[in-house]
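Scroll down for the structure; my scribbles are underneath it.
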């Protein structure tokens, strides 16, 4: 375990080991260490011994870069604070464990928020990562009732300096956390209410051209299973990438993919065109998930494999495939309300949400068949101007 005179730049430049983990010891504050794993994760801790006890104990201080080396809430200050408690006869790790039992500490509230609320949400895992990366390092050991509007503004403004869009997401989940705490009787009011988003977000309008569709498709053929076929399936069906990731063989029956739960908060049926069914026929049944590499889990979406597919198509994203499918169906004459059902957009009106119980299965099948035929024509290099076919004629 090497010693290192740590500076912010030195810590930032530390490369992960080829395997396992390596631990660096600070030469400024005794006992402060930085553990670096082969995955690139860096975490701070304090190693210490109690008087008369030869066993070495470890107090976790936080994860870098959420917890920096220096600063008021930096690793060195946290280590010095813990060493002060140790000199006074305390046990820093035991004190921290007792603190965590206080239900009014921010980190305790976040733990409860995760168990009672986030665990029920499709995007709860993402929210958990955001809160633990940004909120706990800043406020974790403070009582939630002590957090002020100024605290929230400082946190969001600091985040916006390096991640403008990330600051918007952080604000949304902080506001939701406090709202939940108000409902639980832990707070009188929400200090994050009516704070505007720090950054403007322009809605993406990227739609792949026919030439780009062909390039992406051919690149997917070269990539193969699972990633290439996954992208092709997303393009043909227009469904959300996260829902395609989670697709299970048990959800498929008689040419229809049934999603029991979706982002829209209801079940959704996707009648599969023959081109999509042909992709499924090429997928090996390695486990319960259709697109998988680890048998017991679906594939993840990473920049590594995404960069391998059609790098010559600038700036395309997986969500662009959904938008491309929707725009393609519109050009083929599919009515907007049918496209909305294909995409499973949430109903906004009382009529759609409560009174209309029509499944739209036939209309969705006709729309997806039209789009799949168009994609097939593009792939076969036979596509000309999009042929407009009325839905009635397609049935």
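For segment 288-305, give me the residue count where each residue is assigned to a loop (DSSP other than H, G, I, E, B), modelled with pLDDT of 85 or more and either under 15 Å from residue 220 (Cβ atoms) or under 19 Å from the mean Cα position of the chain (by Cα) (or both).
Here the count works out to 4.
Do the conditions hold for residue 135, that is, is it assigned by TED's automatic domain parsing to the domain that holds residue 323, surrounded by 17 or more Cβ atoms within 10 Å (Cβ to Cβ) and touching a helix residue (DSSP H, G or I) at 6+ places or on another chain (Cβ under 8 Å)? Even if it seems obvious, please write down each step before you answer.
Details: assigned by TED's automatic domain parsing to the domain that holds residue 323: no; surrounded by 17 or more Cβ atoms within 10 Å (Cβ to Cβ): yes; touching a helix residue (DSSP H, G or I) at 6+ places or on another chain (Cβ under 8 Å): yes.
No.
So residue 275 passes all but one of these: (1) outside any loop (DSSP other than H, G, I, E, B); (2) without any contact (Cβ under 8 Å) to a residue 40 or more places away in the chain. Which condition number does it fail?
Condition (2) is where residue 275 drops out.
For segment 86-133, please list each of the helices (runs of 4 or more DSSP H) lying entirely inside it that holds at least 1 residues being modelled with pLDDT of 90 or more. It would help to see each step written out before you state the result.
On the way: elements: 92-100, 106-116, 124-130.
Counting at least 1 such residues, we get 106-116, 124-130.
Within segment 207-238, which residues are surrounded by 14 or more Cβ atoms within 10 Å (Cβ to Cβ) and assigned to a loop (DSSP other than H, G, I, E, B)?
207, 208, 225, 226, 238
State whether the residues of segment 250-259 include one that is surrounded by 18 or more Cβ atoms within 10 Å (Cβ to Cβ) and assigned to a loop (DSSP other than H, G, I, E, B).
No, the conditions are met nowhere in segment 250-259.
Look at residue 65 and say whether it is outside the structural domain of residue 138 (by TED's automatic domain parsing), without any contact (Cβ under 8 Å) to a residue 24 or more places away in the chain and surrounded by fewer than 16 Cβ atoms within 10 Å (Cβ to Cβ). Working first, answer last.
Numbers: outside the structural domain of residue 138 (by TED's automatic domain parsing): yes; without any contact (Cβ under 8 Å) to a residue 24 or more places away in the chain: no; surrounded by fewer than 16 Cβ atoms within 10 Å (Cβ to Cβ): yes.
Here the answer is no, as residue 65 does not meet what is asked.
Quick one: in segment 4-16, which of the residues that are surrounded by fewer than 12 Cβ atoms within 10 Å (Cβ to Cβ) and under 29 Å from the mean Cα position of the chain (by Cα) is farthest from residue 75 (Cα to Cα)?
We begin by selecting, within segment 4-16, every residue surrounded by fewer than 12 Cβ atoms within 10 Å (Cβ to Cβ); these are 5, 9, 13, 15.
If we keep only those that are under 29 Å from the mean Cα position of the chain (by Cα) too, we end up with 9, 13, 15.
Details: 9: 15, 13: 17, 15: 19 Å.
The qualifying residue farthest from residue 75 (Cα to Cα) is 15.
Which condition does residue 80 not pass, out of (1) closer than 26 Å to residue 180 by Cβ; (2) assigned to a helix (DSSP H, G or I), if it passes all the others?
All conditions are met except number (1).
Can you tell which of 193, 179 is without any contact (Cβ under 8 Å) to a residue 24 or more places away in the chain, more than 30 Å from residue 377 (Cβ to Cβ) and in a helix (DSSP H, G or I)? Full working, then the answer.
On the way: 193 fails: in a helix (DSSP H, G or I).
On inspection, the qualifying residue turns out to be 179.
The values are calculated or read from the model by the stated rules, or taken from the named source; none is laboratory data. Given the structure is predicted, the values throughout are model-derived calculations rather than measurements. Neighbour counts are summed over all protein chains in view; Cβ atoms, including those assigned to glycine, are modelled from backbone coordinates with ideal geometry.
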